[in-house]
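Input: a single structure, listed below in structure tokens.
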Amino acid sequence: MAEPGGYDAFISYSHAADGQLAPALRSGLEQLARPWRRRRALRVFQDSSGLAATPGLWSTIQEALDRSRSFILLASPAAASSAWVQQEIDHFRRTHGTRSMFLALTDGFCQWDPGRRDFDWAASTALPRQLSGAFAEEPLFVDLRWARSEGQLDLRNPRFRNAVGDLAAPLHGVARDELDALDLVQYRRARRARRVATTGIAGLAVLATVAGSVAVLNAAEARAQQRSAEASALRADRASKVSEAGRLAAISSGYAAPQTDLALLLALHSLKLADTREGRLALATAMTRPAASSAVLPGTSTVGLSLAVGRSGQLASGGGDGDVLVWERAGAGKPQRLSGHRAAVTELSFASDESLLASVDLAGRTLVQRPSGGAKPVTLDGVADAVFRPGTVELAVVGLDGAVALLDGRSGERLWQTPAVGPASTSSSDHMAVAASPDGKTLAVASPDRRIVLLAADTGRRLRTWRIDGSAGNDVTFDPSSTVVAAGGDDGVVRSWQATTGTLLHEFRGNQSGIRRVSYGLDGRTIASGGLDARLRIYDVGSERIVGDLAGHNWGVSGVAFAADGHTLLSSAPQDGVRQWNVDTGRPRWVLTGHRAPVIAADFTTDSTVLATLSTDRVMLWHPDRDEGPFASFSSPGYDLDLTPDGRTVVVAGFDGRVHLHDTTGGRETGRLGSAGEPLWSVSVSPDGRQVAAVDSTGVLRTWALGDGRQRLQQRVLPAGAARVRFSPDGARLAAVGEGSRVVLLEAGTGRRLLSWAPPGDPGRGAAAVAFSPDGSRLAVGLPNGWLYLLDVRSGAVVRSFAAHQNKIYALAFSPDSSMLATAAFNGGGISVGGFDGGLRLWDLLTGQQVGELVYHDSQVETVAFSPDGQWLVSGGADREVLLWSAYQQWRRRACQIAGRELTDAEKEAFLKPADRTSRVC
């Protein structure tokens, strides 16, 4: 506790941003676990003046800082830019250091980078740069961003009480769970004192006449006390678990990029303690990564300069010490150490049957030997690169003199040799690279003089040569079909050519520095590259877009290879080891093809067993749990569709101005609503299935009774142009939005206008996308300019707004548990001036923080929907594909499959409380 006249904590904050939250936090800290004989549990200084810094006022603040044991920063962008807050931080650091400095995030973002042991300053907008390098480990961090929109900020609010407890525990010098117990003890003492005082006075008056009754009442009171204590203990235990779950969720989010397997396991442990929104969002952050990274594989930290993977899973990695380590399976067991090189090993290649391993060092020496060792290796000198010809034990080598030869790998006998096909080099660090086609028929050589040379693998005959329009290729590879050659150069571009003609096919741009390695995925649809910027990029071959930007290495990537299982990518870096990536993470589970026009609408039946998708000419019906074609397909041209709650009817907003009804068993048309007229832009079925609402291109809204088809309502509510309409979850309201993105809320039965809202500034051309939250209290509005607004349905007040995309938002969907919002937008997988935008994103609406980027559409994403059971997220777009993604109800099961392990003992000790270390989540 504070010395007499001192303070236990000093709260530093922006008065403009947190003028209401700071007093509430101070009050909570003072009252939590307060002894009944004292006015406050802690003495907290919180300046409420909000005045500009003056010498007189600063002396008062300075004195309070000097007398405070700890410092609590209410972190926000406003606080980060406040000269007053910066001055308080500087003074406290000079006099107290940072060991007793704690953070409460109230707005913006704060991201800790475990690798650098500092904040990620590119992502942390809520902290002043004075804190750069201030902490040796991640400081105590409490997320209070939700409190901005909270009406009740006192200890009766369980969420606020938990946050206060997280900050109060270190101030009291006790563990978090011990603080809950201490609070319970103090509460009992205070209640007992009040009861003793009250009953004592009354007892003196009636002691002589009610002695028997008092005994009975005392017994009843004792039982009541016991029940109350048990209930309080349960509440305290629950609060402790929720608090601990929140802590693990926060740690999980920090590890999502560099070590996704750890992030997944921590998120699962968080959810096992308490099923919280924070835990679900942490799991979403890890599950929607473009690939799941595991820690550096055991035993590889001293190697990583070169990498090779065999068909059965053998892994070889070479290091700067000249040794090669070989594992029977990636990272498993004790490796075999192969010595013999006198320089760093730069190239490795397994024979197809894995009976031989070739290794090349920086001095040009090549050793060909058994991966298990034991036999004398074949030694070759003057070699720049070497690769085994598939299906054989023949080794293709390119020499430092520029010549290419094919050797018998077992004996070193030369089978053929060509004259020099490129310039000579002095070492294997600046040399020609060679690759063999998977069918074993062709060799490709990338030369430093910016040429690609193709040779017949059986004879060495030159087949063709072409120049590279860019920097020379540092690495060269074939695609799985043996028909495409790709190379990456110092200009950061991966180029691919048709092998038979040399025609340039693709230029994959996105690497920020020279590329050292390229490798095709086994399906030929992706290509991975790694280079000096220490990042891996995965490109989609068809669209040339980045579908994975992977951070995890601290040094330039020197090895990249896809494993034979097709699901694993391995990468290596010098002095950094070998890292493994599960590339299934962040990919769609199914790709549903068959539409011949852009997919513009999608919806699930209430039981989630049927998915309906609409292109501009057809409706298709699918079973989402099966990777197969549609079970029904029928023509019904329209702009929008919805499904009735019973799942029996597809409702289509037709081009002809009528609503078309089709059964979901085979697509037969069962009825029409309205008469021919202006095209209908949008349609919505009420939650009780009794009404249908539609809006046409002139802005006229109509509703019909679904049972008898009678029109109930017709009125112009919007300007002419594109429009949307949606029923609220209770069916009482209709939200309509048209050109200019003005939103109108109407009473569903009468059409009476309840609310009108227009976005500030220029929203862009076209209509906004709208969606009600599952509880009906919020309306999400996505604008053509990429901004998203969250409105309070009753008042029309803006609860939150943020820039969600770089361009038009086409569709929105809330997750059934209301923890996330999915947005579908224009830039489907593109890279533009504003940065990377995948076109399909997941958001935490409470904070406006992005928790996922799903990037496998080739162009704009025009529709998105969650299945009601939370199993699936569907998206469709102008690429005519329907993608089905695993949603949050599948993530827990799939997280274990991707992580492939439990927490290690060291990780349990580092992250879990002792009582939780025996717990398993997989």
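The values are calculated or read from the model by the stated rules, or taken from the named source; none is laboratory data. Please read all numbers here as calculations on a predicted model, not as lab measurements. So basically every Cβ, Gly included, is an ideal-geometry build from the backbone, and we count neighbours across all protein chains shown.
Can you name the condition, by its number, that Asp844 falls short on among (1) more than 15 Å from the chain's Cα centre (by Cα); (2) at pLDDT 90 or above; (3) among the acidic types (Asp, Glu)?
Asp844 satisfies all of (1) more than 15 Å from the chain's Cα centre (by Cα); (2) at pLDDT 90 or above; (3) among the acidic types (Asp, Glu) except (1).
How about the stretch 78-90: which of its residues are surrounded by 17 or more Cβ atoms within 10 Å (Cβ to Cβ) and either in a helix (DSSP H, G or I) or of a type in the set (Phe, Trp, Tyr) (or both)?
The answer is Ala78, Ala79, Ala80, Trp84, Val85, Gln86, Gln87, Glu88, Ile89.
Just checking, does the stretch 492-509 include any residue being modelled with pLDDT under 95 and under 25 Å from the mean Cα position of the chain (by Cα)?
yes
Please identify the pairs in which a residue from the stretch 691-715 that is under 18 Å from Leu643 (Cα atoms) and surrounded by fewer than 17 Cβ atoms within 10 Å (Cβ to Cβ) has its Cβ atom under 7 Å from the Cβ atom of a residue that is at pLDDT 95 or above and aliphatic (A, V, I, L, M), counting only partners at least 6 apart or on another chain.
Listed by first residue and then by second, the contacts come to Gly709/Leu673.
Taking the stretch 755-791 as the region of interest, how many residues are assigned to a strand (DSSP E or B) and surrounded by 15 or more Cβ atoms within 10 Å (Cβ to Cβ)?
17
Look at Asp533 and say whether it is under 22 Å from the mean Cα position of the chain (by Cα) and surrounded by 18 or more Cβ atoms within 10 Å (Cβ to Cβ).
no
Matching residues to (1) closer than 26 Å to Met820 by Cβ; (2) at pLDDT 95 or above; (3) in a strand (DSSP E or B):
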| site | (1), (2), (3) |
| --- | --- |
| Pro868 | yes, yes, no |
| Leu873 | yes, yes, yes |
| Gly876 | yes, yes, yes |
| Arg892 | yes, no, no |
| Arg901 | no, no, no |
| Lys908 | no, no, no |
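Looking at Val360, Val404, Val383, which one is in contact with a Ser or Thr (Cβ under 6 Å, 6 or more places away or on another chain), crowded, with 22+ Cβ neighbours inside 10 Å and either among the polar types (S, T, N, Q) or farther than 24 Å from Arg461 by Cα (or both)?
Val360
Being assigned to a loop (DSSP other than H, G, I, E, B) and within 24 Å of Glu862 (Cβ to Cβ), is that true of even one residue in the stretch 704-716?
no
Take the conditions charged (D, E, K, R), within 19 Å of Val398 (Cβ to Cβ) and either modelled with pLDDT of 95 or more or outside any strand (DSSP E or B) (or both) and apply them to Arg464. Does it pass?
Spelling it out, Arg464 is indeed charged (D, E, K, R), within 19 Å of Val398 (Cβ to Cβ) and either modelled with pLDDT of 95 or more or outside any strand (DSSP E or B) (or both).
Across the stretch 15-46, what is the total count of residues that are part of a loop (DSSP other than H, G, I, E, B) and either in contact with an Asp or Glu (Cβ under 9 Å, 6 or more places away or on another chain) or modelled with pLDDT of 90 or more (or both)?
8
Table: residues versus (1) under 21 Å from the mean Cα position of the chain (by Cα); (2) closer than 22 Å to Leu680 by Cα; (3) small (Gly, Ala, Ser); (4) in the same structural domain as Glu862 (by TED's automatic domain parsing).
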| site | (1), (2), (3), (4) |
| --- | --- |
| Leu745 | no, yes, no, yes |
| Trp757 | no, no, no, yes |
| Ala767 | no, yes, yes, yes |
| Val770 | no, yes, no, yes |
| Leu791 | no, no, no, yes |
| Gly796 | no, no, yes, yes |
| Ala804 | yes, no, yes, yes |
| Leu821 | yes, no, no, yes |
| Phe826 | yes, no, no, yes |
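Can you name every residue in the stretch 595-613 that is within 27 Å of the chain's Cα centre (by Cα), within 18 Å of Trp885 (Cβ to Cβ) and not in a loop (DSSP other than H, G, I, E, B)?
Once the filter is applied, which keeps residues that are within 27 Å of the chain's Cα centre (by Cα), within 18 Å of Trp885 (Cβ to Cβ) and not in a loop (DSSP other than H, G, I, E, B), the stretch 595-613 yields Val599, Ala601, Ala602, Asp603, Phe604, Leu611, Thr613.
Within the stretch 396-407, does at least one residue satisfy the condition of being modelled with pLDDT of 95 or more, more than 17 Å from Asp361 (Cβ to Cβ) and part of a loop (DSSP other than H, G, I, E, B)?
Yes, the conditions are met somewhere in the stretch 396-407.
All but one of (1) under 35 Å from the mean Cα position of the chain (by Cα); (2) under 28 Å from Tyr856 (Cβ atoms) hold for Pro637; state the number of the condition that does not hold.
Single failed check for Pro637: (1).
Considering Ser633, Ser615, Ser608, which residue is on the phi > 0 side of the Ramachandran plot and not acidic (Asp, Glu)?
One residue alone meets the criteria, Ser608.
Scan the stretch 314-339 for residues that are out of contact with any Gly (no Cβ under 8 Å at 6 or more places or on another chain), part of a loop (DSSP other than H, G, I, E, B) and farther than 24 Å from Gly556 by Cα and jot them down.
Gly333
Let's see how each residue does on (1) under 26 Å from the mean Cα position of the chain (by Cα); (2) surrounded by 15 or more Cβ atoms within 10 Å (Cβ to Cβ); (3) modelled with pLDDT under 85; (4) outside the structural domain of Gln850 (by TED's automatic domain parsing):
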| position | (1), (2), (3), (4) |
| --- | --- |
| Leu73 | no, yes, no, yes |
| Arg94 | no, no, no, yes |
| Ser100 | no, yes, no, yes |
| Leu127 | yes, yes, no, yes |
| Ala147 | yes, yes, no, yes |
| Gly151 | no, no, yes, yes |
| Asn157 | no, yes, yes, yes |
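Take the stretch 658-687 and flag every residue that is surrounded by fewer than 19 Cβ atoms within 10 Å (Cβ to Cβ), under 21 Å from Leu734 (Cα atoms) and either touching a residue at least 24 places away in the same chain (Cβ under 8 Å) or within 39 Å of the chain's Cα centre (by Cα) (or both).
Pro679, Pro687
Can you tell me which of Trp891, Trp885 is buried (at least 16 other Cβ atoms within 10 Å of the Cβ), of a type in the set (Phe, Trp, Tyr) and more than 13 Å from Ala267 (Cβ to Cβ)?
Step by step, each of Trp891, Trp885 is checked, and only Trp885 is buried (at least 16 other Cβ atoms within 10 Å of the Cβ), of a type in the set (Phe, Trp, Tyr) and more than 13 Å from Ala267 (Cβ to Cβ).
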